[in-house]
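Bear in mind that the values in this text are calculations on the coordinates, not laboratory data. Worth saying up front: this structure is predicted, and the values here are computed from it rather than measured. Don't worry about glycine lacking a Cβ; one is built from the backbone with ideal geometry, like all the others, and counts go over all protein chains shown.
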Amino acid sequence: MEPFTSLTATAAPFDAVNVDTDQIIPSRFMRKPRDDENYHTFLFHDIRYDEDGSEKPDFILNQAPYRDARILVAGHNFGCGSSREVAVLALMANGFRAVIASSFGDIFFNNCFNNGVLPIRVADETAARLRAGLHASPGASMTIELEPQTFTGPDGATYEFDVDPFRKHCLLGGLDAIGLTLEYENEIKAFEDRYRQERSWLYP
Amino acid sequence: MAQPRTMFEKIWDSHVIVDRDDGQTLVYVDRHLCHDGSFFAFDLLRDTGLPVRRPDQTFTVPDHYVPTRGHSLDDSADEERAEMIVKLDRNAKEFGVTIFGLSDRRQGIVHIVGPEQGISQPGMLIVCGDSHTSTHGALGAIAFGIGASEVSHVLATQSIWQRRPKTMRITVTGERPFGVLAKDVIMAIIARIGAGAALGHAVEYSGPIFAAMSAEERLTVCNMSIEAGARCGMIAPDETTFAYVKGRPYAPAGEAWQKAVAYWKTLPSDPGATFDKEVSVEADEIAPMVTWGTSPEDALPITGEVPDPAEQADGGRRAAMEKALDYMGLVPGMKLTDIQIDKAFIGSCTNSRIEDLRIAAAVVKGRRVAVPAMVVPGSGLVKRQAEKEGLDRVFTDAGFEWLESGCSMCVGMNGDTIDPGERSASTSNRNFEGRQGPGARTHLMSPAMAAAAAVSGRLTDVRELSSTSSEED
């Protein structure tokens with residue numbers, strides 16, 4: 001996993017709420033190989049392109065100022081619905097490394113961390129203010145610093161954010177969880193031995 | 001005297017392997033279910049060079065990509081989809097895990113098969129790389145969906161890192177009104193609290209309605225917990241649960257059964273246990289429900305009208321409603337019963353169990369479909385049971401297609417989709433844009449309501465249809 005330390009990039013405002021992972025990547029692309037050269041086109045495919053494959057000009061990421069965006073600023077319940085991890089991969093294929101929203105679907109939230117994408121939860125008013133600022137100055141960039149847990153908004157103001165210390169540690173080091181968990185092999189083994197005794201009916 | 005604990009806390013506490021100071025907990029996984037969409041997780045595991053740590057606790061079944069008009073690989077919509085099913089076979093063989101393959105009668109939707117086989121039991125912690133894993137909580141378990149990286153983690157370590165979710169109790173007071181099914185209850189709850197209301201929470205459903213429900217109805221309720229954003233949904237195990245689990249192939253038997261039940265009886269939340277959040281809904285507010293928009297929270301009683309965004313004070317909500325109505329091709333003020341449909345789908349992990357099919361068949365009996373309609377049983381065993389009861393004939397006589405088990409048109413991944421602009425009456429769980437195919441317009445409802453819509457060609461109050469039928473009788 002690619003480490004995440006800091007990021008300065010164009011931020012795109014995404015005004016819809018309850019953005020489900022079916023919209024982020026329609027299910028028909030889930031069987032495609034992860035190295036498909038068109039993977040970036042799967043992101044938001046059906047709201048981003050017309051049936052003939054041409055771009056819908058209204059869609060935010062098709063607009064000139066946001067083409068290089070690597071930060072998405074959304075509303076509440078972003079990434080709800082299906083557990084499909086490819087929703088994060090499709091964002092990454094377009095260069096996105098951070099999503100700021102007032103809330104996230106739980107599974108999407110975890111999937112982000114497991115792929116080196118930083119999801120940042122902020123208050124509803126903060127998310128709304130950031131999006132308004134980004135609409136007011138199209139193409140404005142933001143800077144996210146993971147170590148001090150801060151980001152600067154399009155207004156130049158600095159905001160602090162919370163991040164789980166364990167997740168932060170993994171992101172900063174680009175560490176995958178399996179490797180870390182294996183360090184607890186003794187604990188897992190001890191748990192299993194005791195558990196199998198106590199719950200013998202689970203192990204006929 | 002120990003502090004009173006919720007059912008969630010009891011089960012959670014008994015699965016903790018490591019509690020880190022930073023709030024992360026490594027919890028043990030009793031049962032890990034995988035499906036044909038899990039291929040990437042097996043690839044990730046292969047990259048690590050590790051084996052599946054507990055093959056005996058890992059169960060796999062193809063469901064998302066399986067064809068429904070025939071159940072051989074040749075029936076697949078294309079080679080790419082067939083390959084998904086073949087990959088699962090290969091992975092199961094390579095890693096030595098149980099598989100209920102395409103030609104196995106026990107094959108079906110993973111969330112139907114788990115409970116049906118007795119793989120899912122009370123007190124367990126169950127995960128699966130699918131968001132509707134919340135289903136299994138209906139038996140009194142912690143069950144939640146995970147992503148592909150997490151699936152590979154569980155395969156390798158039989159454990160998963162989590163932050164302990166908060167707890168929420170949703171209490172429905174009063175008795176179930178006439179004509180209201182489990183699907184209506186959960187749809188009404190989501191409409192009331194919103195699609196993100198339970199984010200970060202483990203939900204326990206409480207009240208006489210749930211206590212009186214069959215185990216299958218409870219599975220329907222917990223299935224849609226994720227549509228309120230919940231980490232998991234659960235219902236206290238009781239005699240109904242025990243009777244449901246007993247005698248199933250993977251359920252404990254003999255002395256082990258006695259031990260298990262003794263433990264399961266300790267699971268319900270203690271009197272006085274506190275939840276981080278409490279929500280209360282009155283049963284008599286619940287009627288047969290349908291969705292009108294593109295989020296499961298966009299639901300109303302069938303007696304209602306398409307809502308008017310202009311009446312919304314909240315700007316965000318107003319914009320979302322306008323967008324949804326535009327996508328759905330509906331205008332405010334239109335009676336929901338005036339909405340014409342193009343297709344009906346009875347199936348999915350929400351509503352494809354034998355009781356669902358009995359309910360739908362009772363509505364369909366003696367009538368004819370007005371639109372193309374299909375029934376996709378949740379498993380090969382559900383299908384066989386339905387055929388034993390003659391339900392297949394009821395459906396086919398009425399003009400329904402009677403198909404093979406799988407996820408089918410709930411998610412359209414096997415090629416069973418609705419054409420752009422078409423409108424479905426569907427017993428599935430998500431009415432998201434494009435969920436049943438690009439441009440598809442989905443109306444969620446119960447199996448009785450979908451059956452009623454299929455025979456009348458429009459959204460219909462099944463209570464009125466039923467009364468007409470009984471007069472004819």
Problem - Cα-Cα over 21 Å, subset of A:32/B:87; B:10/B:166; B:335/B:365; B:166/B:259; A:32/A:56 - result: B:335/B:365; B:166/B:259; A:32/A:56
Fill in the blank from the handout: The answer for the per residue Cα convex hull volume of chain A, in Å³, is 151
Problem - Peptide-level mean, for B:45-57, of C-beta atoms on other protein chains within 10 Å - result: 1
Handout entry: For A:11-18, mean number of other protein chain Cβ atoms within 10 Å
Key = 4
Fill in the blank from the handout: Between the Cα axis of helix A:185-198 and the main Cα principal axis of chain A, the angle (0 to 90°, nearest 10) is 60
Fill in the blank from the handout: Ordering B:28-37, B:64-73 by per-residue average of other C-beta atoms within 10 angstrom, highest first, gives B:28-37, B:64-73
Exercise for the section: Show me B:210-217, B:368-375 ranked by packing, highest mean number of other Cβ atoms within 10 Å first. Expected result: B:368-375, B:210-217
Exercise for the section: Determine the shielding of peptide A:169-177 by partner chains: average, over its residues, the number of Cβ atoms on other chains within 10 angstrom of each Cβ. Expected result: 2
Exercise for the section: Treating only the Cβ atoms of Lys and Arg (+1) and Asp and Glu (-1) as charged, compute the dipole magnitude of the protein assembly as shown about its Cα centre; round to the nearest 20 debye. Expected result: 1140
Fill in the blank from the handout: Contact order relative to length for chain B, counting C-alpha pairs under 8 Å separated by 6 or more residues, stands in percent at 17
Practice task
Could you pull out the GluC sites (Glu not before Pro) across the range A:1-79 that fall in loop regions by DSSP (anything but H, G, I, E, B) with no more than 10 other Cβ atoms inside 10 Å?
Solution key: A:37, A:51
Completion exercise
Inter-part gap, Cα centre of the range B:144-166 to Cα centre of the range B:277-349, in whole angstrom, is 34
Exercise for the section: Normalising by the residue count of the range B:145-286, find the relative contact order in percent from Cα pairs under 8 Å and 6+ residues apart. Expected result: 34
Fill in the blank from the handout: Among trypsin sites (Lys or Arg not before Pro) in the range B:71-145, those in a DSSP loop whose Cβ has at most 13 other Cβ atoms within 10 Å are B:105
Exercise for the section: Have a look at B:316, B:361, B:451 and report the one farthest towards the positive end of the charge dipole of the range B:298-472, computed about the Cα centre with Cβ charges (Lys/Arg +1, Asp/Glu -1). Expected result: B:361
Practice task
Enumerate the whole-percent occupancy of each 10 Å bin, from 0 to the last occupied one, for all C-alpha pair distances of the range B:7-278.
Solution key: 7, 29, 35, 23, 6, 0
Practice task
Report, in degrees rounded to the nearest 10, the 0 to 90 angle that the Cα long axis of helix A:124-136 makes with the longest principal axis of chain A.
Solution key: 40
Handout entry: Size of electric dipole in the range B:7-278: Cβ of Lys, Arg +1 and of Asp, Glu -1, about Cα centre, debye, nearest 20
Key = 500
Handout entry: DSSP bridge orientation in the range B:298-472 - percent antiparallel, rounded to nearest 5
Key = 15
